[in-house]
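The values are calculated or read from the model by the stated rules, or taken from the named source; none is laboratory data. Just so you know, these numbers come straight off a predicted model, no measurement behind them. Counting neighbours? That spans all protein chains shown, and the Cβs are built from the backbone with ideal geometry, glycine included. Note: areas computed on protein heavy atoms with side chains; ligands, DNA, RNA excluded. Shrake-Rupley method; radii C 1.70, N 1.55, O 1.52, S 1.80 Å.
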Amino acid sequence: MKRYSTSLITTLLCLTLAIANADNWSQPAGPNGNWTAQGKHLPLQWSGSTGRNILWRTTLPEAGQSGIAVYGNRIFLTTMKPLPNQAASKDGHDVVGYCLDGNTGKILWTVDLPGTEDSPYAYGFSDSTSPSPVTDGKHVWFFNSSGSVGCWDYRGKQVWLRRWKPTSDRPFNKQFEPILFEDTLITMEPREVGDPLREKDPWNYLKGLDKRTGKVVWISEDSLTHYNTPVFGHTADGTPAILQGRGGHHDVPEKPIGLSLTSLAEGQEGRSLWRFAAEGKALYTMHWDKKYAYWFPEDTPIHQVVDAQTGKLVKTQSLINKVDYRHYDTKQGKYLLDSDINLGKQNPPLRVFPAWFCNVVVGDYHYFLCFTDPAQHLGPPYCVGRVNIKTDKVEYLELPVQVYREAGKPERMVWHEPQPSSTVNSRGIDVAGDPRSRRDGWFWCFLGSPTVINNKIFFTTMLGVTYVIDGNAKTLDENALLAVNDLGLPGQTWSLNSISYANGKLYHRSLKEVFCIGN
């Protein structure tokens, strides 16, 4: 009889679990809690305009921004409560949770989640529906960041509903995504009204809720700003933990600016393992692994690498000096390379501003989109960038802004120019009160976090355009751009969520529809 080492058995068990988990996308950041997964039969190309690789599509009565939870043949998402007519206020605080049949897209049932703090509809900086549903295959938890979270069984019967009071008097910018760890549902809230530790200007904290009852079982030592998307993972010694951040616009009060790694180990839940004091703002998804954690200051074009065991700064990498920049020349119909240049010394000089929430780590690379604004010399324009964490090399690749697909006509890409999006819902009502929500998503907005499947990165802009990037590409050139996909006709589409993957299919949504995508 053969004897196998404990480490080999553990490795095989982990691989088996990873393969099994790839059949479901039970929470916003997927089965591994870090927006990455592995799976089979991954579709890379689709079109809402032509119907290519669209297995089904279901019309939604109102706008929403949540991700999509998938378990077995059940699909869960949220929208804002439908507006009655065009004259109605474009602000509201009530959310609707949906359960769909995963095979057909048929809406099986809906539930209501009440709130108190008003959110703009189809707001380019998130709304009440931004936190995505979570499921364990038996129950589903829906969230309303205007002040409620609840649990329902798969028949739509309510198990519990928890009401809470959000922070007020600031723009409605809540990008937190819930995390399910064992029997604990981890959300973000201020301390309770009446809690003597609740600040006069309330801070936000991680809260662990008993998933069966909704009761609070722990509160994190350290705070996090409501702008921040924390990420789950394990330290090198196997401790489960969450990386969270503080700092943001409009004088968010949580201090000090920087990162905290919060333990989820039994008996240590909510304890801070380390803190990293920094400068800047935590308007990014806080990615980390067993070796490193990462920080974009926003105000300075640098990338910082932090030791994941100690919270100490390891190194700082420039985002503008000695970079490779591939930009598309429409006259020649090809990419041109500016190699090893300083973006700050170009004409005009360029300032790099990594787009909020559009970052993800794949292997030794930290990828991000670049905010683009010619008036402020932000760029490189319409680019995906990446930092090589080992070598410090930085590369940029320009992407097309829009794609036109019509039956019987050649596909046409639009380069270099901003494009409009539409916030008109499926019932013909323009639901957005803020004109900034009708831009293309390449400047001053909160896009959904990118998703990585089989090391392929899916970035989606407000236009509903999804770029597929080869995360393992040796060079960030035109060969790394695997596909440019759309969720509908140009100028008529809007999206602000992350993609989910389960059992060989992708699940995506626009303001008007939810899509199941497969080969």
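Per 0.36 nm of contour for each residue apart, how much would the distance between R212 and A88 grow if the chain were fully extended, relative to their Cα-Cα spacing? Working shown, then result.
Values: separation 124, 0.36 × 124 = 44.64 nm, distance 3.73 nm.
So the extension gain works out to 40.9 nm.
Taking amide hydrogens as modeled 1.01 Å from N in the peptide plane, which residues meet the under 5 Å criterion relative to R351, leaving out close sequence neighbours?
So R351 has HN proximity to L378, G379.
For the pair E411 and E182, what calculated FRET efficiency results from E = 1/(1 + (r/R0)^6), where r is the Cβ-Cβ distance and R0 = 60 Å, to the nearest 0.05? Spell out each step's value before the answer.
Numbers: r = 47 Å, r/R0 = 0.79.
That gives a FRET efficiency of 0.80.
So how much slack lies between D373 and T300, counting 0.36 nm per residue of separation and subtracting their Cα-Cα distance, in nm? Don't jump to the answer; show the numbers that get you there.
Values: separation 73, 0.36 × 73 = 26.28 nm, distance 1.64 nm.
Difference between extended and current length: 24.6 nm.
Once you order the gyration tensor axes a ≥ b ≥ c over the Cα atoms, which shape class does segment 60-216 get: rounded for a/c under 1.5, otherwise prolate or oblate by comparing a/b with b/c?
Oblate is the answer for segment 60-216, as a/c is 1.5 or above yet b/c matches or exceeds a/b.
Between A277 and K106, 0.36 nm times their residue separation minus their Cα-Cα distance comes to what?
56.7 nm
What accessible area per residue comes out for the chain, rounded to a whole number of Å², with a 1.4 Å probe?
Roughly 39 Å² per residue, with all protein chains present.
For segment 25-146, which whole-number percentage of the solvent-accessible area (1.4 Å probe, protein heavy atoms only) is attributable to carbon and sulfur atoms?
Heavy-atom surface of segment 25-146 belonging to carbon and sulfur, 1.4 Å probe: 47 percent.
7 Å from Cα along Cα→Cβ at both N503 and N388: what's the point-to-point distance in nm?
Label-label distance for N503 and N388, simple model: 4.2 nm.
Which of rounded, prolate, oblate describes segment 465-519, given a ≥ b ≥ c as roots of the alpha-carbon gyration tensor eigenvalues and a/c under 1.5 marking rounded, otherwise prolate only if a/b is larger than b/c?
Oblate is the answer for segment 465-519, as a/c is 1.5 or above yet b/c matches or exceeds a/b.
If we sort 60-68, 312-320 on the protection proxy, mean other Cβ atoms within 10 Å, highest first, what's the order?
60-68, 312-320
Starting from 0 in steps of 10 Å, tell me what percent of the Cα-Cα pairs of segment 163-235 lands in each bin.
In whole percents, the pair-distance histogram is 18, 53, 26, 3.
With equal scatterers on the alpha carbons only and no solvent term, can you work out the Debye log10 of I(q)/I(0) for segment 370-519 at 0.08, 0.12, 0.20 1/Å?
-0.23, -0.53, -1.41
Roughly speaking, what is the centre-to-centre gap between segment 442-502 and segment 347-395 when only Cα atoms are used, to the nearest Å?
So the separation of the two Cα centres works out to 15 Å.
Tell me the mean residue ellipticity at 222 nm calculated for the chain from its helices only (DSSP H runs of n ≥ 4, each -39500 (n - 2.57), averaged over every residue, nearest 500). Walk me through the numbers on the way to the answer.
Numbers: 1 runs with 16 residues, N = 519.
Result for the chain: -1000 deg cm²/dmol, rounded to the nearest 500.
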